[in-house]
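Student: Got a structure for you, written out below as structure tokens; questions coming shortly.
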Amino acid sequence: MRTADVVVIGGGIHGCATALHLAMRGLKPILVEKDYAGRHASGVNAGGVRQLARDLAEIPLSISSMALWEHIEELVGDDCGFESHGTVLVAENETELASFRARVEDLRLRGFTHEELIDRAELKRLVPAVADHCPGGVVSRRDGAADPFRTTQAFRRRAIEKGAEVLEGVTVTGLSKVGVNWRVETSAGPIEAPKIVNAAGAWADRIAAMLGEPVPLTVVAPMLMVTSRVAPFIQPVVILRGRKLSFKQLGNGTVVIGGGHLATPHRDRNETVIDWDKLAISARTVWELFPAMRAATIVRAWAGIEAFMPDGIPVVGPSSTSEGIYHQFGFSTHGFQLGPGTGAMMAELVATGSTNTPIDGLGIDRFSQRKDPSLRSG
Amino acid sequence: MTKASDLAPSYDLVVIGGGPAGLAAAALAARAGLTTVLFDENPGVGGQIYRAITFSPVKDRAVLGEDYWAGAELAAEAKASGALIVTGATVWSLDPTRLVGVSIAGQARLIEAKRVIIATGSLERPFPVPGWTLPGVMSAGGAQTVLKAQGLVPNGKTVLAGGGPLMWLLAAQILRAGGKIDAVLDTTPRKNWLRALAHLPDFVLSPYFAKGLKLLREVRAKVRVIRVDRLEAVGDDKLREVVFGKGDNERRMPADLLLLHQGVVPNVNLALAAGVAHAWNERQLCFEPVLDEDFNSSVPGISVAGDGAGIAGGTAAAERGRIAAIAAVRALKPEASVPDLQIVRQKLQREAMGRAFLDWLNRPADSFRQPEGDTIVCRCEEVTARQVRDTADLGCEGPNQMKAFLRCGMGPCQGRLRGLTVTELIAAQRGTTPAEVGYYRLRPPVKPITLSELASLPIAEAERKAVER
Amino acid sequence: MFKRLAETGAAVAITVDGRQIAARAGDTVAAALIAAGIDHCRTTPVSGAPRAPYCLMGVCFECLVTVDGVGSRQGCLVPVRDGMAVETQTGKREAGR
């Protein structure tokens, strides 16, 4: 029988990053992935590396991740296609701009300075192609973008180099306690380890359910589309608030358009069905915001399968029911940037029992606590 | 001209592709009373085999041959059947719920279909030789298209290279039209006879035998035929000469036009994007959809007919289209009268005679399917054979993973002209089989659409409400 | 490279990069370019290499041209029309031209 110090379930960027950081701490992790690393959301997301517009509870993880992103090649031996040209949240009217101003002020009072309000002139300087109706926005200048599949693969490769074992095409079928260890039943035989990290993304609720710890996870598949190569015309990633849009041009000239319109996911078949009516909404948004894009051709649309939590923020931290189990899932369509830092934090938590990175508000117990007490007693 | 706005929101049957399979299917289904629409992206129906059948300027019937003109009847039947036939209509999406995305003259629509028959036919197998991206190098099928549709015939220094029935047919057609061919370079390995021989008796009895011999004689009488195992197109900004050889012998021949052909393979992109299961065909060295005897695919309500279901030729394609259409009629309108299925099946069976011999005999050599070195594999992204092989060596197990490293398959052609090459190269490099390596997961749109076209989709009810609120 | 068998179709006047060429009714843009002896229709966005129509049946995307201002149209699928303005494409040329 295989034994390990930690079994990491899920080969997305989170599972791979956690496996790498565990191995760097001298532990022996075995990562179990049902398909191949980066097959789903981690490999096919928009690649945004964004601190901008994050929930307060995520900001510490986002900031620690950013520090790792800026030295990603030293960490994983591959530049991961990471480029930093900032993210700009564009306001489409004065009301939006006013709410952005309030947010930036609030962050400043809390000691966070990565978001910066910009006026119309600075917006035009950063994003000359933007339509004239936009009065300003917010920029996070250190933000950027990376190649998601390449990044996930780089974490996987480096984790293996540092001593992690990665089992791909292997499914977890059961979890049980055997003495001080957890026994992980898999399609490739059992593995025993004292600790388990559940980084199973859209399938993480099934792992949690095996532990008697149900979570209200929704399976979603945010859609993306990409154009053929276009003459370079924009550097930062652009996002909107009032309408769903994320927009960026890659170094090779192609433009990736996303923003959170959802496809229909079929997680048991690893399949998604594109919703063209919704992508047409994205197309109309781009049509208005970037008139220069009107004749661009869309060459592909796709969607990755991932987990969305009711409050839109991830589940990170120890299980509330089972000793030795840790959760790292539910990143609700914005987990890619958080991968490196969350992996480091999780490895620290698993290895030492505590972490200096604040993860308050991200625990799994927030769902059981919110239950109606009358239902609970019944 | 049918406009996008003329289309109904739903049809009993949507037929995609107006070649023999699509025309036959649409005619039969419409006559049985199914509301039927046929979309074809070309300016006219006929597909590749009957390209421009309704408007070809080639009036001398001997040039293209009677097998070509047989298509006129199919086109006329489809037109008379009551099916709505829309040319210039690009289908860019088909999903497992049978929602069809189509664009006509820059306007896009989503059409619901109770049944779909994919009849997207075949395309020429990629023929990646050094220099095949140079202007002046063209696919033989391309030359045949402009002959049929525009009456254009090669008249410079022309070399035809490759193998398979279509190459010989094109050579004969060019010669009959008064065009010029300086040489035919036959790349078919002689050792193919070993495997083909077992199927010779069947072939001799088939109609292909007499036709094939006649074609070969016709071409050989007028053109030098040279057997080669190496081929290269050489030029700076365009083709200047063709370099070829066998064994140690190397020859060069000045050329304006090099026409390449090594058989055809199913055009699987739309079926793959719709989620249809596919399998590797080792005899024909290509992926083809997994289908039942009525040509139903693994996705309910979607069938694949014609050469897209596996290469069997134009006459078989029409019979396959009829079988698929009968299945659609039986599912939707069981009381309607349809032709006797058994008779159609028998006709189809007769068409299969002799194919095994042709397949084994014309199987392209490994060296012409699995290039080396700096030969470009991915024409869109200009990725070389060496890059693909090196990336496979690094541990890249499949074409999907490779996209992230080389962008190979991410250009506008979506792997149509290289998918098989990449799969075979990865298999060769990793010591496994193409079946094991698999093919691209195809993402819609299967044909690029402009942002404006996508934006032109009628605004869905939900969005309108959201805006009003 | 190619000659016309019979000039049956009616003449259609189109321009390619501003130059008049004589096309025929029934031509696609790609066929008209070939008939006019235009030996390449674009340069690639990756290396700038010249390319010409290859498959003529809508699968290879080599014959991409700008037609009446819309970039990257498949020339082999677009029938010619009187007064049509075709532009050959050089390199990274599409939106924001």
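The values are calculated or read from the model by the stated rules, or taken from the named source; none is laboratory data. As the structure is a computational prediction, the values presented were derived from the model and not from experiment. We place every Cβ from the backbone using ideal geometry, glycine too, and count neighbours over all the protein chains shown. Areas reflect the complete protein model, heavy atoms only, side chains present, ligands, DNA and RNA absent. Shrake-Rupley method; radii C 1.70, N 1.55, O 1.52, S 1.80 Å.
Student: Under 16 Å between alpha carbons, and skipping anything fewer than 8 positions from B:K246 in its own chain: which lysines qualify?
Tutor: Those lysines meeting the cut-off are B:K191.
Student: Name the residue, out of A:T18, A:T227, A:T95, whose mean-square fluctuation peaks in a Gaussian network model built on chain A with Cα pairs under 10 Å.
Tutor: Top of the fluctuation ranking is A:T95.
Student: Please work out how much length the chain gains when fully extended from A:E105 to A:D35, using 0.36 nm per residue of separation minus the C-alpha to C-alpha distance, in nm with one decimal. Numbers along the way, then the final one.
Tutor: On the way: separation 70, 0.36 × 70 = 25.20 nm, distance 4.43 nm.
Contour length minus the Cα-Cα distance gives 20.8 nm.
Student: Further, regarding this structure: Among A:R103, B:R379, A:R142, what's the order by accessible area (1.4 angstrom probe), most exposed first? List each step's numbers first, then the result.
Tutor: Values: A:R103 65, B:R379 10, A:R142 110 Å².
Putting A:R103, B:R379, A:R142 in descending order of accessible area: A:R142, A:R103, B:R379.
Student: Continuing with this model, one more query. Treating cross-link reach as a plain straight distance, find the lysines whose alpha-carbon is under 19 Å from the alpha-carbon of B:K79, omitting any fewer than eight places away in the same chain.
Tutor: Excluding near neighbours in sequence, the set is B:K3.
Student: Note the full-extension length gain between A:A131 and A:E70 as 0.36 nm times their separation in residues minus their Cα-Cα distance, in nm to one decimal. Could you put the intermediate results ahead of the total?
Tutor: On the way: separation 61, 0.36 × 61 = 21.96 nm, distance 3.12 nm.
Stretched fully, the A:A131-A:E70 segment lengthens by 18.8 nm.
Student: Another one. Could you tell me which residue out of B:I111, B:P339, B:A30 lies farthest along the dipole of chain B toward its positive end? Charges go on the beta carbon: Lys and Arg +1, Asp and Glu -1, centred on the Cα centre.
Tutor: B:P339
Student: If you don't mind, there's one more thing I want to ask. Which value, in Å² and to the nearest 10, is the accessible area of A:T264 when all protein chains are kept and the probe is 1.4 Å?
Tutor: 70 Å²
Student: Here is a further query. At 1.4 Å probe size, with no ligands or nucleic acids counted, give the accessible surface of C:S72 in Å², nearest ten.
Tutor: 20 Å²
Student: DSSP loop (so not H, G, I, E, B), at most 12 other Cβ within 10 Å: list which GluC sites (Glu not before Pro) in segment B:239-301 pass both filters. Intermediate results must be reported in sequence, preceding the final value.
Tutor: Details: sites: B:E241, B:E250, B:E282, B:E293; in loops: B:E282, B:E293.
When the GluC sites (Glu not before Pro) of segment B:239-301 are filtered for loop state and at most 12 Cβ neighbours within 10 Å, B:E282, B:E293 remain.
Student: With every protein chain present, what accessible area does C:S47 have (1.4 Å probe, heavy atoms only), rounded to the nearest 10 Å²?
Tutor: 80 Å²
Student: When Lys and Arg each count +1 and Asp and Glu each count -1, what net charge do the other residues less than 10 Å away from B:R227, Cβ to Cβ, add up to?
Tutor: Values: positive: B:R190, B:K246; negative: B:D186, B:D229.
Its environment carries a net charge of 0.
Student: In a GNM of chain A with a 10 Å cut-off on Cα contacts, which of A:S140, A:S228, A:S246 has the highest mean-square fluctuation?
Tutor: Between A:S140, A:S228, A:S246, it is A:S228 that shows the largest mean-square fluctuation.
Student: What distance in nm separates the simple spin-label points at B:S367 and B:D248, each placed 7 Å from Cα in the Cβ direction?
Tutor: Here the answer is 1.5 nm between the modelled labels.
Student: Continuing with this model, one more query. Cross-link partners among lysines for B:K114, C-alpha distance below 16 Å, same-chain residues fewer than 8 apart left out?
Tutor: In chain and number order, the partners are B:K333.
Student: Note down the nm distance, to one decimal, between modelled labels 7 Å out along Cα→Cβ at B:A72 and at A:I160.
Tutor: 6.3 nm
Student: Give the separation of the Cα centroids, segment B:330-355 to segment B:403-436, in Å.
Tutor: 36 Å
Student: Now a separate question. Using the beta-carbon distance between B:S10 and B:K79 and R0 = 30 Å, what value does 1/(1 + (r/R0)^6) give for FRET efficiency, to the nearest 0.05?
Tutor: Values: r = 23 Å, r/R0 = 0.75.
The computed FRET efficiency comes out at 0.85.
Student: Using the structure shown, select from B:K222/C:K3; B:K157/B:K222; B:K238/B:K447; A:K34/B:K447; B:K148/B:K211 the pairs with a Cα to Cα distance greater than 23 angstrom. Walk me through the numbers before you get to the answer.
Tutor: On the way: B:K222/C:K3 20 Å; B:K157/B:K222 15 Å; B:K238/B:K447 28 Å; A:K34/B:K447 32 Å; B:K148/B:K211 20 Å.
Those over the limit are B:K238/B:K447; A:K34/B:K447.
Student: Could you work out the Rg to Rh ratio of segment B:248-346, with Rh taken as the Kirkwood radius (inverse of the mean 1/r over all Cα pairs)? Write down the numbers at each step before the final one.
Tutor: On the way: Rg = 18.5 Å, Rh = 15.7 Å.
Reported Rg/Rh, Kirkwood definition of Rh: 1.18.
Student: Spin-label point model (7 Å from Cα, Cβ direction): what's the A:D55 to A:T95 distance in nm?
Tutor: Between A:D55 and A:T95, the simple spin-label model gives 2.5 nm.
Student: Using a Gaussian network model on chain A with a 10 Å cutoff between Cα atoms, which of A:D311, A:D143, A:D365 fluctuates the most?
Tutor: For chain A, modelled as a Gaussian network with Cα springs under 10 Å, the answer is A:D311.
Student: What list of whole percents do you get for P(r) of the protein assembly as shown, with Cα-Cα distances grouped in 20 Å bins up to the one holding the largest distance?
Tutor: 14, 43, 33, 11, 0
Student: Give, rounded to the nearest 20 debye, the magnitude of the charge dipole that the protein assembly as shown has about its Cα centre when Lys and Arg contribute +1 at Cβ and Asp and Glu contribute -1 at Cβ.
Tutor: Details: 107 positive and 100 negative charges, 399 e Å.
The dipole of the protein assembly as shown has a size of about 1920 debye.
Student: Could you work out how much longer the chain between B:F55 and B:T433 gets when fully extended? Use 0.36 nm per residue separation minus the Cα distance between them, nm to one decimal.
Tutor: Working: separation 378, 0.36 × 378 = 136.08 nm, distance 4.44 nm.
Stretched out fully, the B:F55 to B:T433 stretch lengthens by 131.6 nm.
Student: Starting at 0 and stepping by 5 Å, how many percent of the alpha carbon pairs of segment A:258-378 end up in each bin?
Tutor: 2, 9, 14, 15, 14, 13, 12, 10, 7, 4, 2, 0, 0
Student: Give the long-range amide H neighbours of A:L175: residues separated by 5 or more places, or on another chain, with amide H under 5 Å away, using H modelled in the peptide plane at 1.01 Å from N.
Tutor: Sorted by chain and number, the residues that satisfy this are A:E185.
Student: With +1 on each Lys and Arg Cβ and -1 on each Asp and Glu Cβ, how big is the dipole of segment C:11-88 about its Cα centre, in debye rounded to the nearest 20? It would help to have the intermediate numbers written out before the result.
Tutor: On the way: 6 positive and 7 negative charges, 13 e Å.
Approximately 60 debye in magnitude.
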